[in-house]
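See structure below.
The values are calculated or read from the model by the stated rules, or taken from the named source; none is laboratory data. It should be emphasised that the depicted structure is a prediction, and the values quoted were computed from it without experimental measurement. All Cβ positions, even for glycine, are placed from backbone atoms using ideal geometry, and neighbour counts span all protein chains on display.
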Amino acid sequence: MTWLHERVPASPVTSTLRRLLAVLLLAGALVWVVPAPASAACTCTVDDTEASARNANDVFTGTVVTAAETPREDGARGVVYTHEVTVDLIYKGDLREATAQVRTVSGGDCDPGRLTDGRRYVFFVEAVDDTLVAEGCGGTQRRRDVLVAELETLYGEGEPPRVDQPAEEAAIEPVGGVSDPTTFTRAAAPGGAMVLVGLLGWIVVRRLARR
């Protein structure tokens, strides 16, 4: 009875199912083997505008002009970027100047790194030792109309920075035909001379009387 050892041809449906099963098994293996990108380690979110604004000391919009790069002082990998920012509108905080220095760092999974020159951002910053710091999970991000509308709902339309105006100097022009006022010395001189003459006369009279 050799028919038990003969292979029965597989149907087309069975072959297709086997191929699909093999593909699924291979895809599952790749999920475990392929490492996740580094950015996946960052778990913070910046979608809650109200929470970001509440936690920040200053909230404003501005344009990045340039940035200076220095090593991190804590010894961690990465660098510190100090950005010069032209301030547009201020929504919260004590910032009043037309420019601000905003510091970011790079090296961590959620660190913002260097911001792009010429690009407008909404800054949610903390004041640390007279320095404005934009944390990775603080909410600082590119300016968007939807984000600005949310800020206006919370704080109104925002205020432009106060630019100090130079003090105006009053220009006094002399009036023609009017001489300078008489000084006190000149006014008191005639009276002083009369007093001196009277005193000398009194001394002469007394000397004559003694003779």
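Here are the numbers:
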{"read-out": "Some residue of region 120-138 being part of a loop (DSSP other than H, G, I, E, B), within 10 Å of the chain's Cα centre (by Cα) and on the phi < 0 side of the Ramachandran plot", "value": "yes"}
{"read-out": "Extreme residue, nearest to LEU132 (Cα to Cα), among residues of region 67-112 that are touching a residue at least 12 places away in the same chain (Cβ under 8 Å), part of a loop (DSSP other than H, G, I, E, B) and among the small types (Gly, Ala, Ser)", "value": "GLY93"}
{"read-out": "In region 18-42, the residues that are within 26 Å of the chain's Cα centre (by Cα) and either modelled with pLDDT of 80 or more or surrounded by 10 or more Cβ atoms within 10 Å (Cβ to Cβ) (or both)", "value": "CYS42"}
{"read-out": "Looking only at region 84-116, and only at residues there that are under 14 Å from the mean Cα position of the chain (by Cα) and of a type in the set (Asp, Glu), the one that is nearest to VAL148 (Cα to Cα)", "value": "ASP88"}
